[in-house]
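So the structure is just underneath, and the comments pick up after that.
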Amino acid sequence: MKLKLIKRISFLMLLLTSLNMVSQNNGKVTGKISLSGNVPAEGISVALKGTKYSAVTNENGQYEIRNVKPGSYTISIHSVGIHSTEDAIAVTAGKTTTKNFALSESQEDLDEVVITKNKYKQDKPSLSLRLQTPVLEIPQNIQIVSGQTLKDQQITSMSDGVIRNVSGAVRLEHWGDLYTNITMRGSQIQAFRNGFNVVSSFWGPLTEDMSFVDHIEFVKGPAGFMLSSGDPSGLYNVVTKKPTGITKGEVSVLGGSYDFYRVSLDLDGKLDKKGKLLYRFNGAAQKKGSHRPFEHNDRYVIAPVISYQIDDKTKITAEYNFQYANLTEVGSYYVFGPTSDGYATLPVDFTMTQPGIPDTNIQDHSGYLQFEHKFDDNWKLTAQTSYFKYIQQGYSSWPSLVGPDINNVLQKGEIIRNVGIWDAESNMYLGQIFVNGKFNTGSVSHKILSGVDLGSKDYMADWGQSHDLDTAANPFNVYNPNYGIPSNGLPAFDHDTPLSQRAGGLYGSEYAAGYFQDELGFFQNRLRVTLAARYTWISQTSSYEPTKSDSHITPRFGVSYSITDSFAVYGLYDQAFLPQIGNVAPGQEIKPLTGNNIEFGLKKDWFDGSWNTSLSVYNILKKNELTTDPNSPDPNKPVSVVLGEKRAQGVEFDVRGKIIDGLNLIANYAFTESIVSKSNVTGIDKGDIVPGYAKHTANAWLNYTLQSGKLKGFGASIGGTFLDGRQTDTWSEGKQKLPSYFKLDGGLSYETGKVKVTANVFNILNKYLYSGSYYQWLDAYYWQTEAPTNVRVGVTYKF
């Protein structure tokens with residue numbers, strides 16, 4: 001026994017001695033890789049070409065390759081977003097060879113392709129936001145919803161649960177899965193796509209399908225660096241997927257309750273060996289039913305992108321997005337009831353739509369062409385143009401009369417349903433050119449943003465043809481619904497006459513704007529001061545008013561200070577400007593809407609940036625805003641009036657990121673209050689609550705995935721949304737207020753190798769959830785229900 005032990009000890013000593021001798025006979029390669037500005041380059045692959053020896057740089061840009069046999073090698077540096085670099089080195093036995101690399105790329109170049117180790121947290125805004133500063137250091141509340149968040153929550157469109165991930169964002173009127181219409185900080189925010197404002201009217205744009213969306217950025221407040229004109233409450237920017245240079249693919253199949261079926265495809269790769277010509281292709285097809293009978297919303301999407309790297313400094317990218325929607329008539333999801341009953345008095349699956357009404361179809365085209373040129377490591381020019389075309393042919397439903405009415409035509413529960421034509425077309429030609437630059441004057445650093453925005457938008461629609469489905473003698477009865485052929489027959493509208501000859505709603509705008517911003521950095525960039533101004537000229541036309549044009553200069557001032565490398569405080573003053581058009585009473589003057597935002601906040605990264613918290617308080621003042629006169633004599637041609645002044649105040653808190661390995665959290669809370677501070681309108685008084693928001697909003701989404709063991713890859717999620725103090729979307733609040741809202745969702749997932757299975761349950765508590773308003777002209781309440789408990793199961797395969 002002792003002899004065996006002595007033999008084993010002798011063998012181990014011999015083995016250790018041999019390994020030590022081998023180690024001494026081999027060499028080591030170390031070094032540091034930095035980007036322009038001496039920024040450490042993390043996650044860069046380093047390899048000795050043609051061998052097994054390799055390493056990846058750490059957060060300090062350092063790498064180390066051990067036990068390298070002596071000899072001559074070619075060391076290769078490569079990663080997505082940088083140009084590969086090679087150099088010759090010699091490794092000597094028992095010695096360390098040091099090889100450092102200073103790459104010409106900046107962090108912005110690497111951020112063109114979003115690859116994040118933290119699936120719910122992104123530290124940099126997209127290039128389409130034009131900024132060169134990390135989110136932590138920007139003097140504004142910016143929240144980014146990552147692509148992995150969209151996948152984990154099985155979000156399929158912009159109106160399908162995205163806003164649960166951002167504090168204070170609500171959709172009190174859902175507009176089905178057609179228009180997003182997000183309200184934040186007391187007003188509807190502007191919709192952007194790839195840095196372009198894509199709003200041409202209140203009705204649009206068509207909500208984006210998530211198949212071609214990379215991530216979504218919510219910018220709170222006026223955001224003068226993006227908005228030529230718009231509401232001071234903020235914007236959301238949908239960033240589409242771009243080529244990464246990595247050859248990969250992904251196909252997903254999703255099925256769920258109420259005849260929901262969906263398949264999507266994502267292809268990414270190179271079209272040449274050198275990797276200069278890259279492509280990305282996304283496509284999706286969806287068949288979607290509803291918890292209400294006779295209702296559906298089907299989608300088909302294709303989105304190809306091609307980019308070409310002309311040389312080390314110049315790149316061109318071309319992109320096209322096409323969405324086709326085929327759905328039940330707009331408004332089919334609303335239910336009406338008498339004021340004596342209030343909201344939600346009919347079953348959650350009740351419908352007032354009429355089988356036999358032709359489908360509404362929408363074509364949404366958008367094309368982009370982008371040119372990027374780096375003059376050197378510090379200066380870059382971006383020029384881009386886009387064209388958007390929206391075509392809609394279809395119908396809209398809204399009652400003509402809801403009983404009981406003042407003339408006793410109808411009894412309680414009786415309704416005369418009406419269908420109107422809604423054919424529409426929109427064209428937008430948009431262009432941008434801007435320069436980002438960096439330089440120092442002594443100890444002060446400067447980040448420059450300067451550019452020009454140009455745009456032309458038009459929208460026309462035919463709302464002039466309508467048809468009552470029912471008659472007073474034979475109305476539709478909600479207590480005994482008959483979905484056979486309606487008593488007054490189905491509509492027969494004229495869709496053939498060119499829309500330009502029958503359009504009754506015409507809107508158009510042209511604008512030009514110039515912008516200059518300087519972010520000055522003091523004390524080694526711990527203190528950052530932003531000074532900026534935008535000049536905007538805009539001309540607007542409408543079928544209701546003569547063409548009006550105006551111009552304005554809006555300043556911007558921000559301060560951000562880093563108390564530590566991971567903790568910053570900020571303050572911001574920004575203004576907004578928006579000319580207005582409306583059908584006003586004779587003699588009343590329409591002035592441009594002006595607004596300003598004063599905001600203060602704290603931002604903190606925790607545990608080496610694993611997760612982030614942000615806290616902001618704000619005060620927004622809006623002057624001269626047009627609103628519908630609640631005393632309009634004709635509900636079909638409502639008169640607009642200049643309200644006076646509105647004030648929105650609030651507090652917002654967000655947390656997102658990886659708490660510990662495998663545990664990820666998104667949570668937020670917002671308190672919002674928006675009131676009339678000055679009124680010019682009879683029936684709207686100082687101190688009245690402004691419609692269209694929720695006073696308290698709270699959301700949470702918690703996901704945990706096992707990191708080891710036999711069940712490695714198994715995950716579970718739970719999330720909820722709470723709204724309280726919900727305001728309706730009309731000034732005529734009625735006698736009944738919207739109740740508090742709570743929705744609980746959850747799910748399970750399992751990922752192994754290239755396959756991931758995800759199953760989510762929505763509205764777990766099976767609550768009757770709805771939004772709605774009181775409609776004065778019909779003396780009735782209307783509401784839209786959400787689906788009862790429903791399930792989605794998806795399988796994703798990566799190749």
Before we move on, is P475 under 18 Å from G356 (Cα atoms), within 38 Å of the chain's Cα centre (by Cα), buried (at least 16 other Cβ atoms within 10 Å of the Cβ) and in contact (Cβ under 8 Å) with a residue 40 or more places away in the chain?
no
Read through the list (1) on the phi > 0 side of the Ramachandran plot; (2) of a type outside the set (D, E, K, R); (3) without any contact (Cβ under 8 Å) to a residue 40 or more places away in the chain, then give the number of the only condition that A667 fails.
(1)
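On the given criteria, is G715 assigned to a strand (DSSP E or B), more than 22 Å from the chain's Cα centre (by Cα) and modelled with pLDDT under 95?
Numbers: assigned to a strand (DSSP E or B): yes; more than 22 Å from the chain's Cα centre (by Cα): yes; modelled with pLDDT under 95: no.
Answer is no for this residue.
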Say whether the condition of being buried (at least 20 other Cβ atoms within 10 Å of the Cβ) and on the phi > 0 side of the Ramachandran plot is met by at least one residue in segment 347-361.
no
In segment 576-593, is there at least one residue being of a type in the set (A, V, I, L, M, F, W, C), crowded, with 18+ Cβ neighbours inside 10 Å and modelled with pLDDT of 95 or more?
no
When only residues in segment 461-472 that are without any contact (Cβ under 8 Å) to a residue 60 or more places away in the chain and part of a loop (DSSP other than H, G, I, E, B) count, which is surrounded by the most Cβ atoms within 10 Å (Cβ to Cβ)?
D470
Tell me the residue from V305, V253 that is assigned to a strand (DSSP E or B), touching a residue at least 24 places away in the same chain (Cβ under 8 Å) and over 14 Å from T156 (Cβ atoms), please.
V305
Does D177 meet the test of being more than 19 Å from D453 (Cα to Cα) and touching a residue at least 24 places away in the same chain (Cβ under 8 Å)?
yes
Suppose we filter K637, K622 for residues that are within 26 Å of the chain's Cα centre (by Cα) and either within 30 Å of A780 (Cβ to Cβ) or at pLDDT 80 or above (or both); which single one remains?
K622
Condition (residue is farther than 26 Å from K374 by Cβ and among the β-branched types (V, I, T)) applied to segment 440-447: is it met by at least one residue?
no
Failed criterion for N297 (all others in (1) surrounded by 15 or more Cβ atoms within 10 Å (Cβ to Cβ); (2) within 30 Å of K276 (Cα to Cα); (3) touching a residue at least 60 places away in the same chain (Cβ under 8 Å) hold)
(2)
Go through segment 751-799 and report how many residues are among the aliphatic types (A, V, I, L, M) and closer than 17 Å to W398 by Cβ.
2
Restricting segment 729-778 to residues that are outside any strand (DSSP E or B) and touching a Leu at 6+ places or on another chain (Cβ under 6 Å), the one nearest to P691 (Cα to Cα) turns out to be D729
E519 under 28 Å from P232 (Cβ atoms), charged (D, E, K, R) and not in a strand (DSSP E or B)
no
Could you go through segment 265-282 and let me know if any residue there is in contact with a Gly (Cβ under 8 Å, 6 or more places away or on another chain) and under 21 Å from V757 (Cβ atoms).
yes
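The values are calculated or read from the model by the stated rules, or taken from the named source; none is laboratory data. Because the structure is a prediction, the values reported are computed rather than measured. Note that each Cβ is placed from the backbone with ideal geometry, even for glycine, and that neighbours are counted across all protein chains shown.
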